[in-house]
1. Would you check which residues across the range 73-106 are farther than 28 Å from Ser28 by Cβ and surrounded by 17 or more Cβ atoms within 10 Å (Cβ to Cβ) and list them?
2. Among (1) polar (S, T, N, Q); (2) closer than 30 Å to Pro243 by Cα; (3) buried (at least 19 other Cβ atoms within 10 Å of the Cβ), which single condition is Gln120 missing?
3. Among the residues of the range 158-174 satisfying the criterion of being touching a Cys at 6+ places or on another chain (Cβ under 9 Å) and crowded, with 21+ Cβ neighbours inside 10 Å, which is nearest to Ala194 (Cα to Cα)?
4. Can you say whether Ile64 is touching a helix residue (DSSP H, G or I) at 6+ places or on another chain (Cβ under 6 Å) and either outside any loop (DSSP other than H, G, I, E, B) or crowded, with 17+ Cβ neighbours inside 10 Å (or both), as far as the supplied structure shows?
5. Does the range 184-196 contain any residue that is at pLDDT 95 or above and within 30 Å of Asp278 (Cβ to Cβ)?
6. Collect the residues in the range 44-79 that are over 21 Å from Lys116 (Cα atoms), in contact (Cβ under 8 Å) with a residue 24 or more places away in the chain and of a type in the set (Val, Ile, Thr), keeping them in residue-number order.
7. Taking helices (runs of 4 or more DSSP H) that do not extend beyond the range 222-288, which have at least 2 residues that are loosely packed, with under 14 Cβ neighbours inside 10 Å and modelled with pLDDT under 95?
8. Of all the residues that make up the range 67-97, how many are under 16 Å from Trp128 (Cβ atoms), among the hydrophobic types (A, V, I, L, M, F, W, C) and assigned to a helix (DSSP H, G or I)?
Amino acid sequence: MNLPVMVPGLDRDTILEWSRRIDAGPYSSLAAGERMFFPNPEIMVAMSAAAAVTERVQLNFSVIVLPMHSAVHIAKQIATLDVISGGRVLLGVGVGGREEDYRAFDAPFDRKRLRKLEEQVGVMRRAWAGEHVVEALRPLGPEPVQPGGPKVLAGSIDPRSIRRAARWADGISGFTFATTRDEIAACFDTARQAWRDEGRSEEPRLVTGCWYALGSRARAQLDEYLNRYLNFMGPEIARQLAPTVPTTSEQKLRDVISMAADLGCDELLLVPTSSDPDEVHRVADIIG
């Protein structure tokens, strides 16, 4: 279950209540993704707050847009959060698609982002292993609880970047818009084949996510959310895409969960379009 970080108007009580309820179960992860120019909380701060009030769930970064950042800085933040959480961090990283977010960090939004991402993951892994990654008196620190650091997933739905990720990632953290079998299977099959082509013996961890809405206003709620969230693509594209997301009832949500399981999904990240903490219990009842 994602925190509702992309729903405007979150406050302390809402974020902490969602975190505690997710931790109470039956969820495997508490997840969130990164965005800059939007009324969402900063991801590291939000996940640190969640870490402090949870004990059980994995803290799943569905995506950090790594090329915007210093790899060494992110490595230290993630290692610190791994310590605070007792080794519960899973890190998804990607290149993003919003040039304005890159401008916030004076980072180039160019064609070298995939190459830079791969290099940055290497830097972070070496830092977590205690190696010197810059000229300094001592290694970075702190040492993560998870030996060698958290697993790193490629936050991608693009076949080219999924294939490239087989060189450096532990799996993929994707997303499905239309929540169709073909859409999910295409990403998973691409990853499985890419891992085989790289001669890797272990299977990739397969994670995907989807938006959902429940209740009498489900369709309107989802459309309002997506028109706001996807507006960076332009109002017309947002209006065209919003109706293609079908998860607006209990049965449709059950169908997506069942379909993802049939396709070999290791984890499905559910992204709420309401900030009401009772959503956590509603979905728990649906999935039994």
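1. Listed by number, the residues that qualify are Arg98, Asp101, Tyr102.
2. With (1) polar (S, T, N, Q); (2) closer than 30 Å to Pro243 by Cα; (3) buried (at least 19 other Cβ atoms within 10 Å of the Cβ) applied to Gln120, the lone miss is (2).
3. The residue in question is Ile162.
4. Answer is no for this residue.
5. Yes, some residue in the range 184-196 is at pLDDT 95 or above and within 30 Å of Asp278 (Cβ to Cβ).
6. Correct list: Val53, Thr54, Val57.
7. The qualifying helices (runs of 4 or more DSSP H) are 235-241.
8. Matching residues across the range 67-97 total 9.
The values are calculated or read from the model by the stated rules, or taken from the named source; none is laboratory data. These numbers were taken from a predicted model, which means no experiment stands behind them. Please note: Cβ atoms are built from the backbone with ideal geometry, for glycine as well, and neighbour counts cover all protein chains shown.
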